[in-house]
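The values are calculated or read from the model by the stated rules, or taken from the named source; none is laboratory data. Because the structure is a prediction, the values reported are computed rather than measured. Cβ coordinates were reconstructed from backbone atoms using ideal geometry, including for glycine residues, and neighbour counts include every protein chain displayed. Side chains are part of the model used for accessible areas, which takes the heavy atoms of the whole protein and leaves out ligands, DNA and RNA. Shrake-Rupley method; radii C 1.70, N 1.55, O 1.52, S 1.80 Å.
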Amino acid sequence: MRLSQINDVDVLSGLIFAGLGLGVVYISASYDFGSVARMGPGFFPRVLGALLAVLGIGIAARGFVAPRATLTIERLRPIAAIGGSLIAFGWIITSFGFVPGL
């Protein structure tokens, strides 16, 4: 397998998911875990963080065997539009209120 056949989109997104999941596990390590019967405040974030890390590793691993997909402007446009709208909503709702934000 040559490096040019790696699906960089899947590998990058998988590494981002795995990093976020491991970050959540690291941050929630100071909370009490508890048990399955009596869950502590750290149980839910730690389990979800671990599942997100496993999912990210799976996506990144799939990027090494899946057909190559390139990251183009057409693929970035919806991501930028959704991200921009969320940022604009947050700014408008704190500056002008709920009704103009909607």
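Structural remarks
- Taken per residue, the accessible surface of region 1-87 reaches 73 Å², heavy atoms only and a 1.4 Å probe.
- Within the chain, helix-based [θ] at 222 nm, where runs of 4 or more DSSP H residues each add -39,500 (n - 2.57), nearest 500: -23000 deg cm²/dmol
- Net lengthening on full extension, A61/R38 (0.36 nm per residue, minus Cα-Cα): 4.8 nm
- Across the accessible surface of region 31-90, with the other protein chains kept in place and a 1.4 Å probe, carbon and sulfur atoms take up 75 percent.
- Coarse-grained scattering of the chain at q = 0.19 Å⁻¹, given as base-10 log I(q)/I(0) from a Debye sum over alpha-carbon atoms: -0.94
- Under the combined filter of DSSP loop state and at most 16 neighbouring Cβ atoms within 10 Å, region 3-102 retains these chymotrypsin sites (Phe, Trp or Tyr not before Pro): Y31, F33, F96.
- Sorted largest first, the principal axis extents computed over the alpha-carbon atoms of region 14-69 equal 45, 20, 10 Å.
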